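*Asks:* Got a structure for you, written out below as structure tokens; questions coming shortly.
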Amino acid sequence: MLPVIIVGAIIVIGAAVLVIIGLRNPTSSDEMALQARLEEFSQRGETVDLEKIELSQPFTERVIYPIARKLGEIAIRFTPQNALQDISKKLELAGSPARLDPTIFLASQFIVMIFFAGVIALVFTIGQTRWPTGRIVLAALGFGILGFFFPQLWLSSKITRRQKDIRRAMPDALDLLTICVEAGLGFDAAMAKVSEKWQTELSLAFARVIQEIQLGKLRREALRDMAERVGISEMSSFVAAVIQSESLGVSLAKVLRIQSDQMRTRRRQLAEEEAHKAPIKMLIPMGLLIFPSLMIILLTPAGIRILNSALGGMFR
């Protein structure tokens, strides 16, 4: 049982790694490498031999990458497009952690699932107590399902943390935007100042907007895309107010000052909301950890005295 599990895990993990390589190395790279080889031989004035050119390439480019690309094509063919789009949207909301793409994240889910299932099966197999095969399979299946959803939980926590950081940094950033605009800077230059001042998720979002504008995208489109990548209502209202002020010709400094006051009020309300939730969240550790400890400390001396008294003799 143990050798079969180990060999199966190695095969599946190796296939997943090949799929990842295939998804991240498109077929055009082979064509570019072959074209570079042809140009090199033509510059030397040698006779072009395709078989010689093929054998001169590294082993990874001749064998590993082609197999990986075939596996990657099969994986994309059987992966629902809606699932990839949903994962891509969540990765954007999380700020693209570790520069993951949807295919790599989906492959990591299967790898973690296999890892969790393999570890549980290995623990139950090499233990002193012999577990039935059916029970081992059920335990491995349960932990495998947990491992499949573990990257999703990690990604959701990254999204929540990023949105909290952006929501917390927005009032101060809007104050700096207001000061820069009132001092005579344009809105793009003011966003550049904010991105240079701090190294936060909000400053990184502003820096990406500036880069997109420099590459030719319209400001309103870049701002709307930023609001979609952040995914919080405060950012959506801020972008809508900026776009409306541009279209109606309203003073941008006044709009930014109003938005800054609203964001600060919203941040204070969220802090009060979290403070009101704190007593309810404290009930679980108090009920499970603090109260039992207090009961043991307070009632143990009384229980010992009762056992040593005449009343305790009745129960012996």
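Values quoted throughout were computed directly from the atomic coordinates according to the rules given, and no laboratory measurement underlies them. No experiment lies behind these values; they were computed from the predicted model shown. Positions of Cβ are generated from backbone atoms using ideal geometry, with glycine treated the same way; all protein chains shown enter the neighbour counts.
*Asks:* Before we move on, is Q269 free of Cβ contacts under 8 Å to residues at least 12 places away in the same chain, out of contact with any strand residue (DSSP E or B) (no Cβ under 7 Å at 6 or more places or on another chain) and of a type outside the set (A, V, I, L, M)?
*Replies:* On the way: free of Cβ contacts under 8 Å to residues at least 12 places away in the same chain: yes; out of contact with any strand residue (DSSP E or B) (no Cβ under 7 Å at 6 or more places or on another chain): yes; of a type outside the set (A, V, I, L, M): yes.
Yes.
*Asks:* Which ones in the range 220-250 are among the β-branched types (V, I, T), assigned to a helix (DSSP H, G or I) and out of contact with any Lys or Arg (no Cβ under 7 Å at 6 or more places or on another chain)?
*Replies:* Filtering the range 220-250 down to residues among the β-branched types (V, I, T) leaves 230, 232, 239, 242-243, 250.
Narrowing the set further to residues that are assigned to a helix (DSSP H, G or I) leaves 230, 239, 242-243.
Across the range 220-250, the qualifying residues are V230, V242.
*Asks:* While we're on this one: Among the residues that make up the range 300-307, is at least one of them of a type outside the set (S, T, N, Q), in contact with a Ser or Thr (Cβ under 8 Å, 6 or more places away or on another chain), farther than 30 Å from K158 by Cβ and surrounded by 13 or more Cβ atoms within 10 Å (Cβ to Cβ)?
*Replies:* For the range 300-307, residues of a type outside the set (S, T, N, Q), in contact with a Ser or Thr (Cβ under 8 Å, 6 or more places away or on another chain), farther than 30 Å from K158 by Cβ and surrounded by 13 or more Cβ atoms within 10 Å (Cβ to Cβ): absent.
*Asks:* Looking at V209, V239, V230, can you tell me which residue is of a type outside the set (S, T, Y) and either more than 24 Å from the chain's Cα centre (by Cα) or farther than 20 Å from Q163 by Cα (or both)?
*Replies:* Details: V209 fails: either more than 24 Å from the chain's Cα centre (by Cα) or farther than 20 Å from Q163 by Cα (or both); V230 fails: either more than 24 Å from the chain's Cα centre (by Cα) or farther than 20 Å from Q163 by Cα (or both).
Selected residue: V239, the only one of V209, V239, V230 that is of a type outside the set (S, T, Y) and either more than 24 Å from the chain's Cα centre (by Cα) or farther than 20 Å from Q163 by Cα (or both).
*Asks:* Please pick out the residue among G142, G134, G147, G184 that is of a type outside the set (V, I, T) and outside any helix (DSSP H, G or I).
*Replies:* Working: G142 fails: outside any helix (DSSP H, G or I); G134 fails: outside any helix (DSSP H, G or I); G147 fails: outside any helix (DSSP H, G or I).
Answer to the selection: G184.
*Asks:* Go through the range 119-148 and report how many residues are closer than 30 Å to A83 by Cα and in contact (Cβ under 8 Å) with a residue 40 or more places away in the chain. Can you show your working first?
*Replies:* Here is the first cut: in the range 119-148, the ones closer than 30 Å to A83 by Cα are 119-121, 137-148.
Now restrict to residues that are in contact (Cβ under 8 Å) with a residue 40 or more places away in the chain: 121.
Final tally of qualifying residues: 1.
*Asks:* So K217 fits all but one of (1) assigned to a helix (DSSP H, G or I); (2) within 30 Å of V194 (Cα to Cα); (3) under 27 Å from the mean Cα position of the chain (by Cα); what number is the exception?
*Replies:* (1)
*Asks:* So, one more: Suppose the filter is over 30 Å from Q163 (Cα atoms) and in a helix (DSSP H, G or I); does A253 pass it?
*Replies:* Numbers: over 30 Å from Q163 (Cα atoms): no; in a helix (DSSP H, G or I): yes.
For A253, the condition - over 30 Å from Q163 (Cα atoms) and in a helix (DSSP H, G or I) - is not met.
*Asks:* Under 7 Å between Cβ atoms, which residue pairs at least 6 apart in sequence (or on different chains) link something in the range 240-258 that is more than 12 Å from V181 (Cα to Cα) with a partner that is not basic (K, R)?
*Replies:* A241/V255; A241/Q259; V242/L223; V242/V255; I243/L223; S245/L252; S245/V255
*Asks:* So how many residues does the range 196-214 have that are part of a helix (DSSP H, G or I) and touching a residue at least 12 places away in the same chain (Cβ under 8 Å)?
*Replies:* Selection size over the range 196-214: 13.
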